[in-house]
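To start, the structure under review is shown below, and the notes come after it.
Only the coordinates and a few stated rules stand behind these numbers; no lab work does. From a predicted model like this one, the values you see are computed outputs, not experimental measurements. Counting neighbours? That spans all protein chains shown, and the Cβs are built from the backbone with ideal geometry, glycine included.
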Amino acid sequence: MSTNGAMIRFEQRFVLLREIIASYRIRLQEMEQEVVELFATNQLTAISACMSEKQRIVLLMNRLEQFIDQWERSRDVGISHESKREHLNI
């Protein structure tokens, strides 16, 4: 496999992770409405379960975002050896 092909697949993974984060954001919005409905019917146990799920989702989103940020930053500061090789060939 070429390095370019590997980089494209690598980038696609980050696109997929961003899509997952976006779906979590949508789920959090849906949960807000669910909590309002549960509150209206005084279902405190279900509200508590929703809040626990929300905390889990938020934590997971934060971890995924940090992971993406860390990998993108480390890739941007990578070392290129091409200029050194060219210098040695002169």
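Placing pseudo-labels 7 Å out from each Cα toward the beta carbon at Q12 and R27 gives an inter-label distance of 2.4 nm. Gain on full extension, evaluated as 0.36 nm per residue between E53 and E37 minus their Cα-Cα distance, stands at 4.1 nm.
Kirkwood analysis of the Cα pair distances in the range 7-72 returns a hydrodynamic radius of 13.3 Å. For the pair E19 and W71, label points projected 7 Å from Cα toward Cβ lie 1.5 nm apart.
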